[in-house]
1. Give me the percent relative contact order of the chain, please, defined on Cα pairs under 8 angstrom at least 6 residues apart.
2. Which of the GluC sites (Glu not before Pro) found in segment 1-74 are in a DSSP loop and have at most 14 neighbouring Cβ atoms, other than their own, within 10 Å?
3. I'd like the distance separating the alpha-carbon centroids of segment 149-198 and segment 112-126, in whole Å.
4. Find how much the distance from ASP316 to ASP136 grows on full extension, using 0.36 nm per residue of separation minus their present alpha carbon separation; answer in nm with one decimal.
5. Quick one: grab the alpha carbon gyration tensor of segment 99-170, order the square roots of its eigenvalues as a ≥ b ≥ c, and give me rounded if a/c is under 1.5, else prolate or oblate depending on whether a/b is larger than b/c.
6. How large is ³J(HN,Hα), in whole Hz, for each residue of segment 278-291 in order, when computed from phi with the Karplus curve 6.51 cos²θ - 1.76 cosθ + 1.60 and θ = phi - 60°, using x for Gly and Pro?
7. With the Cα gyration tensor of the chain giving a ≥ b ≥ c as the square roots of its eigenvalues, does the rule (a/c under 1.5 for rounded; else a/b larger than b/c for prolate; else oblate) give rounded, prolate or oblate?
8. Let me have the relative contact order for segment 99-170, percent, based on Cα pairs under 8 Å that are six or more residues apart.
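We did not get these values from a lab; they are worked out from the coordinates using the rules stated. Predicted, not measured: the structure shown is a model, and the values here were computed from it. Virtual Cβ from ideal backbone geometry, glycine too; neighbours counted across all protein chains shown.
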Amino acid sequence: MERNDSDAVVVIGAGLAGLTAAATAARAGRRVVVIERHGGGGRARTDSRGGYRFNQGPHALYRGGPAWAILAEMGVPHRGHRPPLRGARGVRDGALVRLAGAPLARFTAQLAVASARRWSGRTAEEWVESLRGGPDVAGMAVRVSTYVADLGALPADLAITQLKLGLLRGVSYLDGGWASLVDGLASAVSAAGGTIRRHQTVTGINAVPGGWEVALSDGEDLRAAAVVVAAGSPAASRRLLGIDPGWDNIGPAVRAACLDLGVRGLRLPLVFGLDQPLYLARHSPPGDLAPEGGSVVHVMRYGPRDADTDRRELRDHARLAGVGDDHIVEERFLADMVVTHLLPDPRSGLAGRPGVVVADGLYLAGDWVGPTGWLADAAMASGRHAGTLAAGAGIGRPAYHRVP
Ligand SMILES: Cc1cc2nc3c(=O)[nH]c(=O)nc-3n(C[C@H](O)[C@H](O)[C@H](O)COP(=O)(O)OP(=O)(O)OC[C@H]3O[C@@H](n4cnc5c(N)ncnc54)[C@H](O)[C@@H]3O)c2cc1C
């Protein structure tokens, strides 16, 4: 892109949100340049260690969610496998217990008739307490579907919608990891004529007559008709916008502590904490993420505390599930990961998240933006919306700026 290429769309960030926005605008015929300060992929990247491929903690793509539909529409290929639910175990009072069929079936039946709309404005805790049967199975299922440990802070309608998506439609552990989505979206950007500039950092955005100027840390300024800020967090976005868009007290992020393990030859059931917010699942097999005879096992605590305590607890959880120290070939501990940048207030639900439009030609995307979806579904739905608006920006009329 030339310095004065003022009809272009600039996208900041090559995570799922930014790549979706870029592919959408490029496929609509706009010239697009993506600026990414690292290698790309953000929290959807996959790291390879000794032949074991680790996502950033456990990642499952919701079948039938907005991301699934957007990937299909863009022709981004991905192959995955449903987690084997048979033999799943719970942990109560520090001991493994069978997840009995009857309470699970009772919960699933109640979920099937639950109306997200009827529960809007209330908390997931209130909904769980209203159910027949023990709250521990329901609480565990809510945690696994939303990553949120504090059910009193979680909108009930979000929990019900997510549970229905996860339990009734299922999820997919992706072959090759989530890098396959990142690579597929990046290819869609390139195929439509877009450019991705990696290892370059945006430092600010300024309004200029007829558009925007995007400043890079090396001193270069890019002119654009539209800018999509998909920089991951509200704080990073606020810094780039250079205005106060009114996001003080926006709400907490959802966080987790993750232990990613490459192990030799182990068959393990899913093992979920019933009285503690703990998770363990072997993602490979069924996903293709490990060398021959190996497995990738993700262990996680919803809501991290101090790193040493969490790491010890996750190791203990893995040991209880059957992972001995001598099974472990590769180990990575991620002490405090942001799963999604905003847990909205139960009273407002997803409608309370900041909108995609900041001003004409200036848009936001990310897993904390817009009224649609949760986690990667939100990142891609808002990316899609921002990319569509950016594609139409500055066409046939001068851009003007209305910053709230
Ligand atoms: C432990 C864990 C488990 C998860 N599990 C799931 C799951 O099972 N299912 C699911 O759907 N989702 C899951 N997620 C969430 C999912 O990974 C994220 O919602 C999604 O990847 C966020 O994408 P994003 O593009 O909004 O942000 P990010 O991935 O954070 O991307 C932001 C990008 O912007 C770049 N950037 C930032 N500032 C600048 C700048 N100034 N200049 C240039 N570039 C910049 C960054 O380098 C980064 O690449 C999980 C996340 C975690 C951490």
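1. Working: 979 pairs, mean separation 104.8, N = 404.
Computed value for the chain: 26 percent relative contact order.
2. Within segment 1-74, the qualifying GluC sites (Glu not before Pro) (loop, at most 14 other Cβ atoms within 10 Å) are GLU2.
3. 23
4. Computed gain between ASP316 and ASP136 is 62.7 nm.
5. Numbers: a/c = 1.40, a/b = 1.31, b/c = 1.06.
The shape class here is rounded.
6. Rounded to whole hertz, the list is 10, 9, 8, 8, 8, 8, 9, x, x, x, 9, 9, 10, x.
7. Values: a/c = 2.13, a/b = 1.59, b/c = 1.34.
Prolate.
8. Details: 78 pairs, mean separation 29.4, N = 72.
After rounding, I find 41 percent.
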